[in-house]
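Below: one structure, written as structure tokens.
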Amino acid sequence: MIQTVRVVQIDEKEDLKGNSILAQINNPQVSKIRSIRVYRLEGIDRKKTKFLAEKLLSESINQKYLIDSPAFNAESKVEIAYKPGVMNPEAASIIKSAKDLGIKLLAVDSSTEFYFFGKQNKDPHKLLDGLGLYNPLIEYIVDKPPKSLLI
């Protein structure tokens, strides 16, 4: 089973990536963009997921985490992740750090979600075109969450 952890900046002013994208698209119909780090952990239960979310994946000073829950109720969102089979250096680091904390993970993946607020009439995928937010050779837009992280 996959546990999904979303890590959110508490103060939206500190969401540098979201604010930067908002400035780049310069679309008055988009009032706010929030970026969220998403971690998918396979092979552990909710209690261990909570432990890793607190000790490894988030900073309690300026971030909060949610387990298996969406971060925002926005008009639209886009998730960008590494394609299956492409090495995700963050995932390897999380597996090693979890092992150091005594937790053995079966597999890990990370991605970024972008939540769009406002009354935009464009598909959010089109809003992101030309911004260089992701490399289509190694990354893709996630349409549905994976059933397994194992290849």
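Each residue in segment 8-52 was checked for being open to solvent by 10 Å² or more (accessible area, probe 1.4 Å), within 24 Å of P146 (Cβ to Cβ) and either hydrophobic (A, V, I, L, M, F, W, C) or part of a loop (DSSP other than H, G, I, E, B) (or both), and 4 pass. Scanning segment 87-117 for residues that are modelled with pLDDT of 95 or more, loosely packed, with under 15 Cβ neighbours inside 10 Å and not in a helix (DSSP H, G or I) returns L101, G102, K104, L106.
Any residue that is open to solvent by 70 Å² or more (accessible area, probe 1.4 Å), over 25 Å from E14 (Cβ atoms) and not aliphatic (A, V, I, L, M) - is there at least one of those in segment 53-75? Among the residues of segment 53-75, not one is open to solvent by 70 Å² or more (accessible area, probe 1.4 Å), over 25 Å from E14 (Cβ atoms) and not aliphatic (A, V, I, L, M), which makes the answer no. Sub-7 Å Cβ pairs linking a first residue in segment 121-148 that is at pLDDT 90 or above to a second residue that is of a type in the set (S, T, N, Q), at least 6 apart or interchain, are V142/S111, ordered by first then second residue. Among the criteria (1) open to solvent by less than 30 Å² (accessible area, probe 1.4 Å); (2) part of a strand (DSSP E or B); (3) modelled with pLDDT of 95 or more, the one V78 does not fulfil is (3).
The values are calculated or read from the model by the stated rules, or taken from the named source; none is laboratory data. Owing to the predicted nature of the structure, the values given are computational and were not obtained by experimental measurement. Cβ: placed from backbone, ideal geometry, glycine included. Neighbour counts: every protein chain shown. Accessible surface is based on the protein model in full, side chains and every heavy atom, while ligands, DNA and RNA are left aside. Shrake-Rupley method; radii C 1.70, N 1.55, O 1.52, S 1.80 Å.
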